[in-house]
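Working notes, beginning with the structure itself.
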Amino acid sequence: MDNNSKIFKSNIIFTSTKEAFDIYKNSYIAVENGKVTGIYEKIDKDLEKIPIFDYTDKLIIPGFVDLHFHAPQLPNRGLGLDKELLPWLEEYTFPEEGKYNDIEYAEKVYKKLIHELWKVGTTRVSLFSSIHKESTELLFDLFIKSGLGAYIGKVNMNRNTPNYILEDTKTSIRETEEIILKYKDKSDIVKPIITPRFVPTCTSELLKGLGNLAIKYNIPVQSHLSENINEIKWVKELEPEFKDYASVYNKFSLFGQTKTIMAHCIYSTDEEIELMAKNKVYAAHCPNSNYNLSSGIMPVRKFLNADVPLGLGTDISAGHETSIQKVMVSAIQASKIKWLETNKKYKPISTSEAFYLGTKGGGSFFGKVGSFENGYDFDALVIDDSNLGDINNLTLEERIQRFIYIGDDRNIIERYVQGRKIEEPKF
């Protein structure tokens, strides 16, 4: 242990596996150079001189991880949610995203976005920006300043969008590469991610160019897959030579050839799920969004049974909640409805499974993130749940379950990323 060492005393709760909570009552977690080095019931002589941060009676849990968030859509939260996906994009999303050629507007929204993520305990997030290079670079700079971790992608679209956000193919690829070169080595925890919006707005030429960039620079990829039945039909009309939606991405090296997130996956076929498992493509489950746009319910258990990597997403602004904690609850509820509508074929997910998806499940996309096992980044939230009711007569598992269901950001008293305390952003 050296000067970068810290010890945190508290009730420590995480999920090394999805089947159950790992619980350490009144214990000590040691952190060196931002990484967990051990959990102890007592402090031995080797650790006595290390500074101790005492959060006795509180809960320490991993920071929340959001695998799918549209940064420019923050102002649209709660708007247009009587519509389905494609009309909602045309009437609300595209007009809002068109505003981000105005850098002052972008700065106002993106500063508010980072405040919001800090508030709700999101310590890592994968973000879609807009098509605009300058405002995307601003988003990178603000995140680097904030201390929160993020993958950030300039959105690529060169067909089937209004002219004010329609890109030229060569410009789209060139600007994406320029962002990659500028930011791929600028921060350990804020990195670029290649972001074709989805197949209906990207020609084969654009997808091929983006896939080439992914391979050339080993840059991860994020997009959408099988969110809406009309969307899937549209993909079939646009790309009739492909057997399914996933095959389009796979053809152009955008489906697990580098790390990949596909959001939604509500109607993925057995073949597509098998390919996701084989290529280790992450599915981002966004239940609030899927409810709000009448898209459907993802069969989460089917993906878990197939060993597809899985995390949670808020999907702002089709989703209305910025908190992954709230999404955990929605994911549990959605799985119960799916269980009933499939004649109890797909078992509902448990509280520990939902917690795992919102921490280690999504966190694994970022590396050793989302757990307190040895060698993991110490991304953590300190929770004071004393205002939620009696804490003395509950088990720690009951306390964390109650916090997930009825707690909120007011219960989060500290936030850490890689062992560094993250204060509320000053901007």
> What order, most packed first, do the peptides 338-344, 229-235 have when packing is the mean number of other Cβ atoms within 10 Å of each residue?
Replying inline: 229-235, 338-344
> Peptides 44-52, 369-377: what's the order by average Cβ count within 10 Å, highest mean first?
Replying inline: 369-377, 44-52
> For the Cα atoms of the chain, what angle does the longest principal axis make with the long axis of helix 270-279, in degrees from 0 to 90, nearest 10?
Replying inline: 60 degrees
> Per-residue HN-Hα couplings for the range 261-267, Karplus 6.51 cos²θ - 1.76 cosθ + 1.60 at θ = phi - 60°, whole Hz, x for Gly and Pro?
Replying inline: 10, 10, 7, 5, 6, 6, 10
>> Angle check, please: helix 396-406 long axis (alpha carbons) against the longest principal axis of the chain (alpha carbons), in degrees 0 to 90, nearest 10.
In response: 40 degrees
>> Just to verify a number: FRET efficiency for residue 229 and residue 91, C-beta to C-beta distance, R0 = 22 Å, to 0.05?
In response: 0.70
> Given a Förster radius of 22 Å and the C-beta distance between residue 35 and residue 181 as r, what FRET efficiency does 1/(1 + (r/R0)^6) yield to the nearest 0.05?
Replying inline: 0.15
> Going by alpha carbons, how many degrees (0 to 90, nearest 10) lie between the helix axis of 229-238 and the longest principal axis of the chain?
Replying inline: 50 degrees
> Using 1/(1 + (r/R0)^6) with R0 = 45 angstrom and r between the beta carbons of residue 43 and residue 107, what's the FRET efficiency to the nearest 0.05?
Replying inline: 0.45
> Using the Cα atoms of the range 225-318 to build a convex hull, what is its mean projected area in square nanometres?
Replying inline: 5.7 nm²
> So what's Rg/Rh here for the range 213-254, counting alpha carbon atoms and using the Kirkwood radius for Rh?
Replying inline: 1.04
>> Taking 8 Å as the Cα distance limit and 6 or more residues as the minimum spacing, I'd like the relative contact order of the range 94-152 as a percentage.
In response: 40 percent
> Roughly how many nanometres apart are two label points built 7 Å out from the Cα toward the Cβ at residue 420 and residue 27?
Replying inline: 2.8 nm
>> For the pair residue 270/residue 115, report the inter-label distance in nm, with labels modelled 7 Å from Cα in the Cβ direction.
In response: 5.2 nm
>> Between residue 77 and residue 236, what is the label-point separation in nm under the 7 Å Cα-to-beta-carbon projection?
In response: 3.7 nm
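Laboratory data are not the source of any read-out in this text; all were calculated from the coordinates shown. Computed from a prediction, not measured in an experiment: that's the story for all the values here. Ideal geometry is used to build each Cβ from the backbone, glycine not excepted, and the neighbour counts take in all protein chains shown.
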